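Since the structure comes first, as structure tokens, the remarks are kept for the end.
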Amino acid sequence: MSEAGRGRYPDKQRFPEQMLPEKPSWLRVKAPSRESLEKTRNLMQGLGLHTVCEEAACPNAGECWGKRHAAFLIMGGICTRSCGFCNVATGKPGPLDADEPRHVAEAVAKLGLKHAVITSVDRDDLNDGGAGHFAETIAMIRKTSPETTIEVLTPDFRNKDQSIDIVVNAKPDVFNHNLETVPRLYPSIRPGARYFTSLQLLAEVRRKDPSIFTKSGLMLGLGESREEVLQVMDDLRSADVDFLTLGQYLPPTRKHAPLMKFWSPEEFQELEQVARAKGFLMVAASPLTRSSHHAGEDFERLRAVRPQKE
């Protein structure tokens with residue numbers, strides 16, 4: 001298979017190869033039962049679906065799959081960008097699977113999900129960046145599981161006019177777009193993205209439909225300072241973002257962006273207190289926090305704090 005066909009990981013020359021550091025005790029997770037893992041894996045594979053749990057090597061995959069929770073990765077497993085932190089393969093994606101929205105909805109129903117998380121690779125090759133595919137997936141879930149709440153974690157739709165409108169008009173319950181890191185680190189960590197484009201997307205969602213909860217997150221440990229993290233918090237509050245997640249960056253391989261620091265649980269707790277004081281309605285901050293981890297439980301708490309506006 002060609003390089004483009006199988007995807008590739010970030011180039012060796014972009015970051016010097018590093019020895020992966022030993023994880024501190026607070027980053028070790030309990031292994032789930034093999035039986036519960038296999039049930040969820042077999043369901044996804046049987047429907048030809050991807051999950052961010054596996055593609056992005058999430059440290060919480062065992063726990064979530066053991067509980068039959070999953071974050072669906074739509075539009076294939078190959079991304080058009082090469083972010084320094086990400087384990088998803090980069091290359092030339094194939095055509096969209098027209099049956100994928102139906103298959104995702106079928107998986108949501110079979111898993112009995114109360115809250116479904118739908119994310120995707122970046123698809124800069126598509127005229128709408130995949131916004132229409134998000135909308136179709138939302139519509140199919142609404143049709144087959146009307147009681148299920150839906151959270152989308154989208155790309156930035158950079159230079160894709162009307163794409164935000166397409167997803168907003170599909171009315172997800174939560175619109176998540178992660179800033180990922182501080183603006184100073186964007187050239188090396190998110191070279192295909194622009195900090196203020198991502199920030200503006202979140203502000204636009206809130207302006208277009210105030211009933212949709214907005215959410216964003218950062219990975220810590222890439223070399224950011226505490227002061228830079230606090231500035232990002234202020235920027236997100238200026239965009240009226242409801243929910244902030246903060247988690248520890250863990251390099252997927254030795255070829256990815258180097259880990260500069262393990263932030264301690266105490267530091268995460270202090271940042272959570274600061275974020276709440278700045279006005280976020282919901283904050284999840286811990287070394288193992290990820291955007292989709294406990295997303296359903298967090299959404300219920302968020303909805304209790306701020307009932308959705310009509």
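Overview of values
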{"quantity": "Vicinal HN-Hα couplings computed from phi for region 193-206 (Karplus, 6.51 cos²θ - 1.76 cosθ + 1.60; Hz; Gly/Pro x)", "calculated": "10, 10, 3, 6, 5, 5, 5, 5, 4, 5, 5, 5, 4, 4"}
{"quantity": "Length added when fully stretched, ASP165-ASP97, from 0.36 nm per residue minus Cα-Cα", "calculated": "22.3 nm"}
{"quantity": "Long-range HN-HN contacts of ALA71 with modeled amide H, under 5 Å", "calculated": "VAL52, CYS53"}
{"quantity": "Potential lengthening between ALA109 and ASP234 on full extension [0.36 nm per residue; Cα-Cα distance subtracted]", "calculated": "41.1 nm"}
{"quantity": "Point-to-point label distance, ARG142-SER211, nm (Cα→Cβ direction, 7 Å offset)", "calculated": "1.0"}
{"quantity": "From phi via Karplus (6.51, -1.76, 1.60), per-residue ³J(HN,Hα) for region 174-187 in Hz, x at Gly/Pro", "calculated": "10, 10, 10, 9, 7, 6, 6, 8, 7, x, 4, 8, 4, x"}
{"quantity": "Distance-filtered residues of region 76-90 - backbone nitrogen under 15 Å, label point 7 angstrom along SER188 Cα→Cβ", "calculated": "83-86"}
{"quantity": "Gain upon complete extension [THR253, ARG303; 0.36 nm per residue less C-alpha separation]", "calculated": "14.3 nm"}
{"quantity": "J(HN,Hα) series, region 246-251, from Karplus relation 6.51 cos²θ - 1.76 cosθ + 1.60, nearest Hz, glycine and proline x", "calculated": "10, x, 7, 6, 10, x"}
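Read-outs: derived from the displayed coordinates by stated rules, not from any lab. Note that the structure is a prediction, hence the values are computed from the model and not measured. Heads up, the Cβs are rebuilt from the backbone with ideal geometry, glycines too, and the neighbour counts pull from every protein chain shown.
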